[in-house]
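The values are calculated or read from the model by the stated rules, or taken from the named source; none is laboratory data. Nothing here was measured: the structure is a model prediction, and the numbers come from that model. Cβ atoms come from the backbone with ideal geometry, glycine included; neighbour counts cover every protein chain shown.
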2 protein chains.
Amino acid sequence: MPFDDQLRADTAPLYTDLYQLTMLQAYWAEDMHANAVFDLFVRRLKHRNFLLACGLEQVLEFLESMTFSEEAIEYLREQGTFDEEFLAWLSDFSFTGDVYAVAEGTPVFPDEPLVEVVAPIGEAQLAETFLLNQLTFQTGAASKAARVVQAATADGTDRLVADFGMRRMHGTDASMKGARAMYIAGVDSTSNVAAGHAYGIPITGTMAHSYVEAHDAEMAAFRNFTRQYPDTVLLVDTYDTMTGIEKVIDLAREWGDDFQVRGVRLDSGDLAELAKQARARLDEEGLDDVMILASSSLDEHKITDLLEQGAPIDGFGVGTRMGTMADQPYLDSAYKLSGYDGAPRMKLAKDKSNLPGRKQVMRLFDDGEATQDVICIAEEAGDQDGTPLLMCVMKDGERTEAGRPRPLDDIRAEAARQVKALPERLRQLDLADPPYDVSISSALENRRDAVQANLRDRMNLPA
Amino acid sequence: MPFDDQLRADTAPLYTDLYQLTMLQAYWAEDMHANAVFDLFVRRLKHRNFLLACGLEQVLEFLESMTFSEEAIEYLREQGTFDEEFLAWLSDFSFTGDVYAVAEGTPVFPDEPLVEVVAPIGEAQLAETFLLNQLTFQTGAASKAARVVQAATADGTDRLVADFGMRRMHGTDASMKGARAMYIAGVDSTSNVAAGHAYGIPITGTMAHSYVEAHDAEMAAFRNFTRQYPDTVLLVDTYDTMTGIEKVIDLAREWGDDFQVRGVRLDSGDLAELAKQARARLDEEGLDDVMILASSSLDEHKITDLLEQGAPIDGFGVGTRMGTMADQPYLDSAYKLSGYDGAPRMKLAKDKSNLPGRKQVMRLFDDGEATQDVICIAEEAGDQDGTPLLMCVMKDGERTEAGRPRPLDDIRAEAARQVKALPERLRQLDLADPPYDVSISSALENRRDAVQANLRDRMNLPA
């Protein structure tokens, strides 16, 4: 049994919450096949000034593979909850709906739909869990990584950021999709070889303490490793950082003109102080080209702190705290019904309401800088100023031109361009004051109030 | 292209940090094939009194599938970093080592090895990333879930806990392995259908707000859903919780003796207050059998708070905060070289040192209650009191009898038994004072001091 067989394409639609399937059967039994509109959005941000949309490609792949194998149907049969006639219908099931989405790498804000699904209600419902699972995590990872990249390059210097998070990210999928998301957000490389293979992300790595320890002397380890990899990065803190630096200097003397070591990595202790001492010693010996890389529980705050102390660090290996989004390990995402059978719908429950009907987000620019987003009714978008963010990426279950897979480097470049177009205060780590201006068009506001009043009326609830 | 093809069994060993592969080649080039000992352990706990070991089964599956396909080798060739002779050697690679591990579902403490790998150093190194990735996450998820289950049943009442976390957990693998880990920790069911299929975990679910909203009236939704699923759980807060409860009462009158609705779910508002009001109204109408279930941003603290307020809640749907381990989204796990070629090794770097050599953990009991763990040298375990926790689960790359896959329900029952054997203060949410007693045998202490002194001496470092 291969270790990853639990999630296979032929049982992909089981990748859902049970209630999606029981509701699907109920809709089927009630002959409710009319189109619903569901929007996926984030209610509020914590510790973030913006989100970077990510995960759409995997969502579209999933929607294309939403068919039930014999094995999947047999498993459902065993539950005793599903009728034979429904299971027969399921064996011909596929996703036939339309999808509107913000392009990957686009900055988005609370209440703005990242995705709108327009499909027969049961289909749209069945897709919910996977869409939330992927978009919540990938958007969360990209948004966190954007901050780390921002911190590492805040003074305009192009310092490297490598994703070292694989070992403590939440399982295999997180480390794959996370590597992709963080690369989109501007991270330069990943240590995850499988992600390099799957997505073409540059892979990087140095050496581990265990390699040094396995040798009788640190010098022997450095000597042997550089013999194999002349332009490698040497890890210098296994025993004592500055002693390790002296070994690198000895090695440079041994190699003479052939010395090609690209850098040293500091992984413990007072990184700012050690980086300064290391830089000074390396420079004294004419080793100005040897970069100083740092790792060890880094995140955007620690990086900022190091750079504010004047630490001469050229690149950062950032692992667990970025990869697990440790300060905000989930987004407050939602996937809500906003229309059914041509009529707008919404939820009244306190703090959990949503905007009814199909929508569009218009982004307004002033001299190239984004100044305001307006969430409006989809049909009024043509009359609004600005650039529409939602595009039709799938029509009747088939990708449109806009939904075609895009080269990852294009997405990454576009993300960089769009983040740069945000107001300066949003690209700081502190919460922007004022936050970015997201307004609701008056037509949409009127619709929301009307739907709300109508619902309260129908349900005999106080206004 | 199936949506999950990025991690396939035939490219499994690429699922690693690049440096593991470059070190593997260096060891190969240096003819360093002697056995190394690596231990995987957690340095310290935050917000937890114990960990529940989880993930070993997936680790063994991975070690059994660590072979390089043509495709994997071709990808490595493209990197320009690997010699042809090494790539030829890789094409015959497999894991040939021994593995000692604590059984899944065993409570463990800081510094105690969850796994020790004894294998030719390059092999042991190559396994590091996957082992850390799976054991860190799964042990983290099980440990968090154990607290939630503890909170839900603190007064001895057997309340249900369902895993509703799939939608915001970090990707697909997290929601699969997480469902498994949380089930081992005592969670009763999962909403994740694929996890039910893969692992045989009971699957549960209710209905979504969207189902209610898609109907013209809440009553029509309740009526139709119970026609399909007579013993379902109805979600009552879409518009107003107590109005929803009255609808359930109306429905009970309609159905008369045939009324079988199993419960109602509250998902917003003041859950304690609403549960009391709902219980009172249901009881007034003779609906004592209708359970009250609650969901909405729950974790162990919120559950404790609800129960302390006397909320008559029979079960909890616990999602994001448990599934993302929101208060501690990663464990401070490490995989460290502790021996090579028969000699103990360790790292000196501050706060990151480890215990040298092969070890055993002995758990001492007093009248069935665990009182102390002693970490000792493996060879002295026979002379120590207590029950050894580490077992040989793989020998020469093959599973031993102790390493055979175990039925999930057996692991779960054993976990419950072992958690119950912990001192009462450890099964509280607050940090235990004093914490559990984990000692190091004097022989192991002596070895650590000797290795440390020897290293400092050899490296010319101050003591």
(message) Just to check your reading of the model, which residue among A:A181, A:A162 is touching a residue at least 40 places away in the same chain (Cβ under 8 Å), within 25 Å of the chain's Cα centre (by Cα) and either part of a loop (DSSP other than H, G, I, E, B) or more than 29 Å from A:D258 (Cα to Cα) (or both)?
(response) A:A181
(message) Take the residues in segment B:340-352 that are surrounded by 15 or more Cβ atoms within 10 Å (Cβ to Cβ) and part of a loop (DSSP other than H, G, I, E, B); name whichever of them is modelled with the lowest pLDDT.
(response) B:A349
(request) Working only within segment B:303-339, note down all residues that are small (G, A, S), surrounded by fewer than 18 Cβ atoms within 10 Å (Cβ to Cβ) and under 24 Å from the mean Cα position of the chain (by Cα). (result) B:A326
(request) For B:A72, work out the one condition from (1) within 9 Å of another protein chain (Cβ to nearest Cβ); (2) more than 30 Å from B:A181 (Cβ to Cβ) it doesn't fulfil. (result) (2)
(message) For the condition modelled with pLDDT of 95 or more, polar (S, T, N, Q) and under 30 Å from A:Q125 (Cα atoms), what is the one hit in A:Q328, A:Q309, A:Q372?
(response) A:Q328
(message) Being more than 14 Å from every other protein chain (Cβ to nearest Cβ), in contact with a helix residue (DSSP H, G or I) (Cβ under 8 Å, 6 or more places away or on another chain), surrounded by fewer than 24 Cβ atoms within 10 Å (Cβ to Cβ) and not charged (D, E, K, R) is the requirement here; does A:A154 meet it?
(response) yes
(request) Kindly establish whether A:I411 is under 23 Å from A:V117 (Cβ atoms), buried (at least 19 other Cβ atoms within 10 Å of the Cβ), out of contact with any Gly (no Cβ under 7 Å at 6 or more places or on another chain) and at pLDDT 95 or above. (result) no
(message) Can you pull out every residue in segment A:422-450 that is closer than 30 Å to A:T153 by Cα and of a type in the set (D, E, K, R)?
(response) A:E424, A:R425, A:R427, A:D430, A:D433, A:D437
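A quick yes/no check of all residues on (1) closer than 27 Å to A:A127 by Cβ; (2) touching a residue at least 60 places away in the same chain (Cβ under 8 Å); (3) assigned by TED's automatic domain parsing to the domain that holds B:G105:
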| residue | (1), (2), (3) |
| --- | --- |
| B:A146 | no, yes, no |
| B:A154 | no, yes, no |
| B:D158 | no, no, no |
| B:R168 | yes, yes, no |
| B:M176 | yes, no, no |
| B:G186 | no, yes, no |
| B:A194 | yes, no, no |
| B:Y211 | yes, no, no |
(request) Check segment A:362-376 and report whether any residue there is more than 23 Å from A:Q20 (Cβ to Cβ) and among the small types (G, A, S). (result) yes
(message) List the helices (runs of 4 or more DSSP H) inside segment B:185-302, counting only whole elements, that have at least 3 residues being crowded, with 21+ Cβ neighbours inside 10 Å and at the interface with chain A (Cβ under 8 Å from one of its Cβ atoms).
(response) B:193-199, B:209-214
(message) Please verify whether A:G205 is at pLDDT below 95 and touching a Ser or Thr at 6+ places or on another chain (Cβ under 8 Å), treating the condition exactly as stated.
(response) yes
(message) If A:R417 satisfies all but one of (1) surrounded by fewer than 14 Cβ atoms within 10 Å (Cβ to Cβ); (2) farther than 23 Å from A:Q360 by Cβ, what's the number of the condition it fails?
(response) (2)
